[in-house]
Amino acid sequence: MTMSDYRRLSYWHDSVPDDLTPRAPLPGDIEVDVAIIGGGLTGLWTAYYLQRREPGLRIAVLEREIAGFGASGRNGGWCSALFPRSTASLERAHGLDAALAIRRAMIATVDEVGRVSAEEQIDCDFVKGGTVAFAHTAVQAQAADAEVAEARRYGVDPLERRATSVFDPNCARIHPAKLVRGLAHVVENAGASIYERTQVLDWEPHAVRTTRGTVTAATVIAATEGYGATLPRTRRSILPLYSLMIATAPLPDSVWDEIGIAHGQTFTDYRHLLIYGQRTADNRFAFGGRGARYHWGSAIRPGYDRAPRVFEHLRVALETLFPAVAGTPITHRWGGPLGVPRDWHASVRYDAATGVGSAGGYVGDGLSTTNIAGRTLADLITGTQSDLTTLPWVGHRSPDWEPEPLRFIGANLGMLAMEAADIEERATSRASIAARVMGPLTGH
């Protein structure tokens, strides 16, 4: 890919103050202390916190394209306290105390990302403006009431029920490409080596094999997220689910005043086929959602980033939510795969005996979860006992996805069920049976 190709990856890549020139690839066989597979936020946060715990560590980050090429640089820009599994689901899986520990850790992580961004002078448009979840129908109002009631029962998430929405203060608006590219420069300046255009073929304890040579290391960390589906070792551990986005031309402040979304705010609603958006620092809508189908064999190809039907669905959804935006030009359309484990449960794993670790399975909630993953891996690698290393996602192992064709049928059937549930609820004003059936399969 050329620099102009990287610019076309997303609005975020097109607007980041970085020329996106690829760094040099791995020069051949090398030996380091820590080899990190993947130049996204998980890998870079792990390198960042390792450098602060043990500044002398030799760290190599191996990236097939450029740092921030994948979901870390293309996402919706929500640095939220969301975890892929709900609090009630976490309680069922791990018990009340463990579920609340994850919630508290996730809430604290939003501020940690802001703290590091300020301390390291990473200008990523971080504004902690909270999330507005709109409830436009009677069914959505019921879902909003249920969410607030659950939050009050657990006493951790300070949700505020408003007339037609729910407000969650624990979310910041971020320009994701500015964050990931800025973090890459920070860890590089602190001594880590980032080798781009270096394709990893496989790994094992103390060695990573690439097309450019072999990296020998005491510690090997796999941070590949959705792209793990393209590697033999993790092919069935993760499912690459595409999420697509659009960005509008900038809107005048008067329109934003009419819409009622302030700078720093993100937004969503209570439909089942997820949508998400933010008001960007330059007054655009950056708006995305699910709806793109899963591709046979967990295939990931550049052409899958563009789905005209989904882009049109997003445009219509945005104009339906906010009629004031009707007719505003769409300047950017993009997408990419995020990583979904079989039980929708993110995890951090590290085996001190082999020196092999991993983190991922964020299901789109990775902009903050990658940070807590990096801190946790740094503690595990350095043998540091902390509150993070006792969280129940540490050591969690999700089951493998089914082989094809079951994986293809199940993943796409779930997507169709969510779409059907939204149609059913709009038509009947009653909660969908399909949604109740599919809820346990989507972390709720």
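Laboratory data are not the source of any read-out in this text; all were calculated from the coordinates shown. What you are looking at is a predicted structure, and each value in this text was computed from that prediction instead of being measured. Ideal geometry is used to build each Cβ from the backbone, glycine not excepted, and the neighbour counts take in all protein chains shown.
Projecting the Cα atoms of 409, 26, 124 onto the charge dipole of the chain, computed from C-beta unit charges around the Cα centre, puts 409 farthest toward the positive end. How far, in degrees from 0 to 90, does helix 41-53 lean away from the longest principal axis of the Cα atoms of the chain, to the nearest 10? On a 0 to 90 degree scale, this one is about 50. Relative contact order, whole percent, for segment 3-390 stands at 25, derived from Cα pairs under 8 Å and 6 or more residues apart. With distances taken between every two different alpha-carbon atoms, segment 61-212 has a Kirkwood hydrodynamic radius of 18.1 Å. Relative to one another, the C-alpha centroids of segment 7-24 and segment 28-65 are positioned 21 Å apart.
Segment 194-209 and segment 336-361 have Cα centres separated by 17 Å. Please give the helix 176-189 orientation as an angle from the longest Cα principal axis of the chain, in degrees from 0 to 90, rounded to the nearest 10. Result, in degrees: 20. Taking 0.36 nm per residue of separation and subtracting the Cα-Cα distance, full extension of the segment from residue 384 to residue 199 would add 63.5 nm.
A Gaussian network model of the chain, with springs between Cα atoms under 10 Å, assigns the largest mean-square fluctuation among 315, 162, 58 to 162. Between 0 and 90 degrees, rounded to the nearest ten: what's the tilt of helix 96-119 against the longest Cα principal axis of the chain? Helix 96-119 sits at roughly 70 degrees to that axis. Here the label points at residue 206 and residue 255, each 7 Å from Cα along the C-beta direction, are separated by 6.0 nm in the simple model.
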